[in-house]
Amino acid sequence: MCGIVGGVTNQNITPLLLEGLKQLEYRGYDSSGLLVLSNNNSFLRARSVGKVHNLEKNLNTRKKRIKGNIGIAHTRWATHGEPSNRNAHPHISNNTVGVVHNGIIENYLELKESQSKQGYKFTSDTDTEVIAHAIEFNMQSSNTFLESVQKAINSFEGAYGLGIISSKHPDTIIAARKGSPLVIGVGKYGNYIASDQIALLPITRKFIFLEEGDIAELKLEKITIYNQNGNKVNRPIKTSKIKEGQVDLGVHKHFMQKEIFEQPQAIRDTLESRITKESVVVSAFGYKASEVFKNVKQVQIIACGTSFNAGLVAKYWLEDIAKIPCNVEIASEYRYRNPIILDRTLFVTISQSGETADTLQALKTAKEINNKIDTLCICNSAESSITRESEFTFLTHAGPEIGVASTKAFTTQLVALALLTCSIGVSKKNINKQNEKSIVDGLKRLPGLINETLLQESQIKKLAVRFKDKNSALFLGRGTMHAIAMEGALKLKEISYIHAEAYPAGELKHGPIALIDESMPVIAIAPNDELLSKLKSNLQEVKTRGSQMIVFEDKESKVKSMKAMKIISITSNLGRITAPIIFTIPLQLLSYHVALIKNTDVDKPRNLAKSVTVE
Ligand code: AGP
């Protein structure tokens, strides 16, 4: 979640660190800092709260310039300890070891206690400071810098991407990763590290991607990498084709397709540092989130379009799992209807762009009506009007979404909302340890499950032909799958221009069943849940009206095959949280392939804009 950059070079490292931090700003930050080893081997550190720009100002106004050939830098998003100068990275131990860290050291309290007994004085509230002290402590009994890091790392539980320098070893940076990404940049004038290659693109195109458990020793002209068993390994140098500030299609035909296939990684990125082995990191929603969540009485969600559909799924989760009342409303309605907003409401906006005019205005209106409410936005854009207007921000790390039809933004919003559900439930003691662990386990399975589901693309592509001459389609689901059906219908409308409607399957008899005949394909989502038998009866009702049907089911759902019905078994053992996310994937693929057949402008469908900044 935080950003790391560092390097050893024959030039002044400070401008490179600053530029790298700016490139990482898209991931969100509340403070930043850098540490450089001066030419007389002493540490020079600068830290500032707020934007990287503040750090730059801080550097420019110093009498003594921060200059040197080796350094590390960091953008922080507070989880352990408030956003402040003292908590900003890099952290230093005994003027000897400096560390930047991405991730969470889960056993930091234990380590802190024993290090305090060893005489270490703590100057921050972070989990990171124990890393610096552990390395410093191990230096006393180690022959090399590397050995002291290896020994220290053995005492850490949790996840880390680390950049470490030492005043005793002025020619070396050590990088280590477990659970958090870290890449090495191989440059003409030195070698570098970063949590995302984007930070190093202004300097190099050559990258080495560290693997889980790797530790690397970087010197000016040499990089040595050790695997988690301490054996020297060769990792290939890859040349990146990413252009600075530009997102390209890669092997894909359209951005929408690319973004559908990016979902496993987008979800991994969104989960990074937000979960531990068995729990959610409540403070990922903000330093004071736990206190707010404990006291909150109800949740009001506001959004538009796809983001609204994500909110509808969350209503089921929040009430069912976290046991808190939740309302979801379209922003353009909410902003004009003088709503009653009770005290202790958590007002949640969901927006990919963070610029949607109706959502922004609904948020402003809500704050005017009741200025005591707490506001949280779930957003994919760190620097946006809605994040600026909100007290808490949770960034989905979906990466840039170019296709107008939202795909990876939606599934990462669902992941964020699952984390919110769990965080509120845990804070209110409505979710016990065991349930929390099972939610976390489910979230960890998501990237693999999505990859499995994406393998069905060729089957789904064949089905798309059925929509060639159709003018309408009906999507059916029950529970959270009604919201997923709405998202499926929205996708089909947006990019194939086929009229599509979604209905809760139980509502069929109350009207829409009159529409059903051979010309109206029906798409049903049939997870193996407590509503399955009811859904199966609804499918019978549809079938007798002669419709062509497509059913996406769980392998255990065992929907009975009928004439003109195509059943696609997606995957198995889905839970309340994983099922809606996984069943979204085939619907995205279906719309995409129907749009290809219809030969529409998939990434820029007619009449639509990616970000609706006007009413
Ligand atoms: C989704 O495919 C659409 N492009 C649209 O409904 C979108 O979700 C809506 O305009 C809201 O945008 P936001 O998430 O950026 O606020």
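Every number in this text was worked out from the coordinates using simple rules, so none of it is lab data. For clarity, every value in this text was computed on a predicted model and none was experimentally measured. Methodologically, a virtual Cβ is constructed for each residue, glycine included, from the backbone with ideal geometry; neighbour enumeration extends over all protein chains shown.
Taking the 0 to 90 degree range and rounding to the nearest ten, how far is the long axis of helix 480-496 tilted relative to the main principal axis of the chain, both from C-alpha atoms?
90 degrees
Using Cα pairs under 8 angstrom and six or more residues apart, how large is the relative contact order of region 296-406, in percent?
Relative contact order of region 296-406: 25 percent.
Of K444, K560, how do they rank once you tally other Cβ atoms within 10 Å and put the fewest first? Kindly include the intermediate steps, with their values, before the conclusion.
Numbers: K444 14, K560 11.
Exposure proxy ranking, most exposed first: K560, K444.
What pairs from K468/K491; K428/K534; K22/K372 go past 23 Å between their alpha carbons?
Over 23 Å Cα-Cα: K428/K534; K22/K372.
Which of the pairs K253/K610; K51/K294; K433/K558; K323/K433 have their Cα atoms more than 25 Å apart in this structure? If you can, show how the numbers build up before the last one.
Working: K253/K610 19 Å; K51/K294 30 Å; K433/K558 33 Å; K323/K433 16 Å.
Distance filter (> 25 Å) returns K51/K294; K433/K558.
Given the C-alpha centroids of region 116-177 and region 383-397, what is the distance between them in whole angstrom?
One Cα centre to the other: 33 Å.
Would you calculate a helix-derived [θ] at 222 nm for the chain, using -39,500 (n - 2.57) for each DSSP H run of n ≥ 4 and dividing by the full residue count, to the nearest 500?
So the calculated ellipticity at 222 nm is -10500 deg cm²/dmol.
What ranking do 480-486, 252-258, 465-471, 294-300 get when scored by the average of other Cβ atoms within 10 Å per residue, highest first?
Descending mean neighbour count gives 480-486, 252-258, 294-300, 465-471.
Under 27 Å between C-alpha atoms is the cut-off here; go through region 67-202 and count lysine pairs that meet it, provided they're at least eight residues apart or on different chains.
15
So which aspartates and glutamates can K470 reach, going by Cα to Cα under 18 Å and dropping same-chain residues fewer than 8 places off?
E494, E501, D517, E518
Measure off 7 Å from each Cα along the Cα-to-Cβ vector at K232 and Q140, then give the distance between these two points in nanometres to one decimal.
Going from the K232 label point to the Q140 one covers 3.2 nm.
Need one word for region 242-325: rounded, prolate or oblate. Basis is the Cα gyration tensor (sqrt eigenvalues a ≥ b ≥ c); a/c below 1.5 gives rounded, then a/b vs b/c decides.
On the way: a/c = 2.60, a/b = 1.76, b/c = 1.48.
Taking the square roots of the gyration eigenvalues as a ≥ b ≥ c, region 242-325 is prolate.
At q = 0.05, 0.08 Å⁻¹, what base-10 log of I(q)/I(0) does the Debye formula yield for the chain when every alpha carbon is treated as an equal point scatterer in vacuo?
Values returned for q = 0.05, 0.08 Å⁻¹ are -0.24, -0.60.
Out of region 174-250, which chymotrypsin sites (Phe, Trp or Tyr not before Pro) are coil in DSSP terms and have no more than 16 other C-beta atoms within 10 Å?
Working: sites: Y189, Y192, F207, F209, Y226; in loops: Y189.
Qualifying residues, ordered by number: Y189.
Is the shape of region 140-206 best called rounded, prolate or oblate, per the rule: a/c under 1.5 gives rounded, else a/b larger than b/c gives prolate, else oblate, with a ≥ b ≥ c the square roots of the Cα gyration tensor eigenvalues?
Oblate, since a/c reaches 1.5 and b/c is not below a/b.
Would you mind calculating the relative contact order of region 171-214 from Cα pairs under 8 angstrom and at least 6 residues apart, reporting the percent as a whole number?
44 percent
Between region 552-612 and region 1-75, how far is it from one alpha carbon centroid to the other, in angstrom?
Measuring centre to centre over Cα atoms gives 46 Å.
What is the Cα centroid distance between region 259-309 and region 463-536, reported in whole angstrom?
Spelled out, the Cα-based centre of one part sits 28 Å from the other.
For the chain, what does the relative contact order come out to in percent, with C-alpha contacts under 8 Å and a separation of six or more?
This gives 11 percent for the chain.
Going by average Cβ neighbours within 10 Å, how do the peptides 487-500, 387-400 rank, with the highest at the top?
Descending mean neighbour count gives 487-500, 387-400.
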